[in-house]
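Single-structure report; data block below.
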């Protein structure tokens, strides 16, 4: 029996009987459809179950209270200030329910990957650090570590063994490059293995980045 309150999501399988799951979180104002094309572009050496959840609808302060899909509220232009701790933790619980669903389907935690862009990447990082067992990896794209000052006290020792791929645009004006880089430094200070990539792009995803993601995932899937 699966949780009836689990987030609405899109699920795709790249082959029969997948032994790996990749939960991919979209950015602010988008939905699960945003990264579905990636599933068709990545050429990976194993069957994958892709899960693209839809964030809940909520008012977003920085956008005048307009209701949109968001993993948490953003109160100010400085996204690192006045963080919505309650919203972040609620989304963590939502993603943990998806992880539990995959475990119930027979996927080992070490074969579950979290990925996310912008807000989605923030939730992916936040959630991965708080798991009892290490996950297969985290893809954190154009994002940052939320509630960074709490991470050292809340991160689980085994979760720190989850490898992290971080990518950021040097011309990003939405999630500033400096915030992404300082988050990378904070993760390494915690003891995480972080592979950092930067690209001459704004707040987006580029072809070179997808090629690097494919290589990084391929290495880990072959080693699993």
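Kindly indicate whether any position in the range 11-24 is touching a residue at least 24 places away in the same chain (Cβ under 8 Å) and under 16 Å from residue 118 (Cβ atoms). Yes; the residues of the range 11-24 include at least one that is touching a residue at least 24 places away in the same chain (Cβ under 8 Å) and under 16 Å from residue 118 (Cβ atoms). For residue 87, the conditions (1) touching a helix residue (DSSP H, G or I) at 6+ places or on another chain (Cβ under 9 Å); (2) crowded, with 17+ Cβ neighbours inside 10 Å all hold with the exception of (1). Across the range 95-107, which residue is farthest from the chain's Cα centre (by Cα) among those that are over 21 Å from residue 39 (Cβ atoms) and touching a residue at least 40 places away in the same chain (Cβ under 8 Å)? Out of the qualifying residues, it is 104. Taking the stated definitions as given, is residue 90 at pLDDT 95 or above and not in a strand (DSSP E or B)? Criteria met by residue 90.
Do the conditions hold for residue 7, that is, is it in contact with a helix residue (DSSP H, G or I) (Cβ under 9 Å, 6 or more places away or on another chain), part of a loop (DSSP other than H, G, I, E, B) and either modelled with pLDDT of 95 or more or surrounded by fewer than 19 Cβ atoms within 10 Å (Cβ to Cβ) (or both)? If you could, list the steps in order and put the result at the bottom.
Working: in contact with a helix residue (DSSP H, G or I) (Cβ under 9 Å, 6 or more places away or on another chain): yes; part of a loop (DSSP other than H, G, I, E, B): yes; either modelled with pLDDT of 95 or more or surrounded by fewer than 19 Cβ atoms within 10 Å (Cβ to Cβ) (or both): yes.
Yes.
Do you know which residues across the range 174-193 are in contact with a helix residue (DSSP H, G or I) (Cβ under 7 Å, 6 or more places away or on another chain) and farther than 14 Å from residue 121 by Cα? Within the range 174-193, 186, 190, 191, 192 meet the criteria. Inspection of the range 67-79 identifies at least one residue that is modelled with pLDDT of 95 or more, out of contact with any helix residue (DSSP H, G or I) (no Cβ under 7 Å at 6 or more places or on another chain), more than 26 Å from residue 137 (Cβ to Cβ) and part of a strand (DSSP E or B).
Hey, which of the strands (runs of 3 or more DSSP E) in the range 11-64, taking only ones fully inside, have at least 2 residues that are surrounded by fewer than 14 Cβ atoms within 10 Å (Cβ to Cβ) and either modelled with pLDDT of 95 or more or in contact with a helix residue (DSSP H, G or I) (Cβ under 6 Å, 6 or more places away or on another chain) (or both)? Give the steps one after another, and end with the answer.
On the way: elements: 20-25, 48-53, 57-60.
The qualifying strands (runs of 3 or more DSSP E) are 57-60.
Looking across the range 18-53, just one residue is under 17 Å from residue 127 (Cα atoms) and out of contact with any strand residue (DSSP E or B) (no Cβ under 6 Å at 6 or more places or on another chain), and that is 26. Exactly one residue out of 107, 95 is in a helix (DSSP H, G or I), in contact with a strand residue (DSSP E or B) (Cβ under 8 Å, 6 or more places away or on another chain), modelled with pLDDT of 95 or more and crowded, with 18+ Cβ neighbours inside 10 Å: that is 95.
The values are calculated or read from the model by the stated rules, or taken from the named source; none is laboratory data. All values reported here derive from a predicted model rather than from experimental measurement. Don't worry about glycine lacking a Cβ; one is built from the backbone with ideal geometry, like all the others, and counts go over all protein chains shown.
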